1. So, in the stretch 54-71, of the ones that are closer than 17 Å to K82 by Cβ and part of a helix (DSSP H, G or I), which residue ends up farthest from the ligand (Cβ to nearest atom)?
2. Which residue, of A104, A111, A132, is within 16 Å of the ligand (Cβ to nearest atom) and not β-branched (V, I, T)?
3. For A111, state whether it is modelled with pLDDT of 95 or more, over 27 Å from L238 (Cβ atoms) and of a type in the set (G, A, S).
4. Any idea which of I169, I175, I222, I202 is more than 16 Å from the ligand (Cβ to nearest atom), under 16 Å from the mean Cα position of the chain (by Cα), under 30 Å from E274 (Cα atoms) and not hydroxyl-bearing (S, T, Y)?
5. Since I322 meets every condition but one in (1) part of a loop (DSSP other than H, G, I, E, B); (2) away from the ligand (no atom under 16 Å from the Cβ); (3) more than 21 Å from V138 (Cα to Cα); (4) touching a strand residue (DSSP E or B) at 6+ places or on another chain (Cβ under 7 Å), which condition does it not meet?
6. Suppose we keep only residues that are hydrophobic (A, V, I, L, M, F, W, C) and away from the ligand (no atom under 12 Å from the Cβ) within the stretch 26-53. Which one would you say is surrounded by the most Cβ atoms within 10 Å (Cβ to Cβ)?
7. Of the numbered conditions (1) out of contact with any His (no Cβ under 9 Å at 6 or more places or on another chain); (2) more than 17 Å from P140 (Cβ to Cβ); (3) surrounded by 13 or more Cβ atoms within 10 Å (Cβ to Cβ), F291 satisfies every one except a single condition; which is it?
8. More than 18 Å from the chain's Cα centre (by Cα) and within 16 Å of the ligand (Cβ to nearest atom): is that true of S194 in this structure?
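The values are calculated or read from the model by the stated rules, or taken from the named source; none is laboratory data. Everything quoted here is computed from the prediction, not taken from an experiment. As a convention, Cβ positions derive from the backbone with ideal geometry for all residues, glycine included, and neighbour counts pool all protein chains shown.
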Amino acid sequence: MLNKKIKIGVLGVGHLGQHHVKHLKNINNLNLIGIFDINFEQASKIASKYNTKVFKSMSTLIEEADALSIVTPTDTHSLIAKKCLTLNKHVFIEKPIADTLNEADKIIKLADNKNLIVQIGHIERVNPALLALKPYDVKPKFIEIQRLAPYSIRGTEVPVVLDKMIHDIDILLSIVNSSVKEIQANGISIITDSIDIAHARIKFQNNTVASITSSRIAKEDIRKVKLFQRDLYCTIDLLLGLTEIYRIKNETQSKSAIQAPFNYKGNKKIITYEKPILNNIDPLKMELINFGKSIIGTEDPIVSGKSGRDALEIAIKINKLIVEDTL
Ligand code: NAD
């Protein structure tokens, strides 16, 4: 497969799937052979916009492809992914990997047995505002994350924790190099039958504490991360693409000092401000390029099936705690 283009199809071309189609038309080693959606009218609209073929049967597209992007509602991921894997096809599954841990495990096992790639679309991992942290020694003691969004019917097949908060759980698990020790959570159901607003306090084995809030009934979109550690404070706006870093240093002079040196018990310190220039590559395109490279073995998936499963495990625990608390 090294010299040949990988034949890829997109299953589900709604709000997000159409962007998969757009990017897959422009990635060197991937050849978009067509799309399938149970809504034929939607599939036809996207196919004519991006000049690709509509398949009338999901099975035919899966059979003809080497790999599939699964961009259907969450409660269909597992059934479709297992169908693809059984036919020996690599899968890129939009987040979350599945709606139960048991199904996530089945997907991973099937892929492992057949040596196939399972990659999960936890897109925030490649958000340039978060990638800007790479050069810094980030070891937060306390993290605050807020993800608020106006109501949309999309995603309501699962609780807000599995639809929205799971992004932030994945971010946390990628930043905090420790396992989860304790979780406290609460939330409320406002419009849907499941939890619409959730808050969780997660304590890790290394004593890092994270406070995360997610809502799908908000006035406006907000996606903010704040990291606090002894020598660094960072705010990240994932939506606007802005990363601001404040550091405390022992030096007394620096162009980026935000105020005159201050003195504590004879030690002079300054606070510096940095605003890294962000990479402007589209995160979804970056994930799909990585998927193509993972299939030919030149890269590992940025978010593996196992990482997607780990985020789902915490999300399910949080949602269970909230539901038990509201009974
Ligand atoms: P959507 O409702 O806009 O689109 C889903 C599409 O799938 C629809 O066109 C629908 O007709 C089609 N569909 C439904 N069942 C199908 C089936 N069995 N076979 C084929 N097609 C089917 O939803 P969306 O917002 O595009 O979300 C899709 C997935 O992407 C969800 O899992 C969601 O969590 C995920 N998502 C991820 C992000 C992200 O930031 N990574 C953002 C939005 C959505």
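1. So, considering only residues that are closer than 17 Å to K82 by Cβ and part of a helix (DSSP H, G or I), the one farthest from the ligand (Cβ to nearest atom) is E63.
2. Step by step, each of A104, A111, A132 is checked, and only A104 is within 16 Å of the ligand (Cβ to nearest atom) and not β-branched (V, I, T).
3. yes
4. After ruling out the rest, the residue left standing is I175.
5. Going through the list (1) part of a loop (DSSP other than H, G, I, E, B); (2) away from the ligand (no atom under 16 Å from the Cβ); (3) more than 21 Å from V138 (Cα to Cα); (4) touching a strand residue (DSSP E or B) at 6+ places or on another chain (Cβ under 7 Å), I322 breaks only (1).
6. My answer is L32.
7. (1)
8. Yes.
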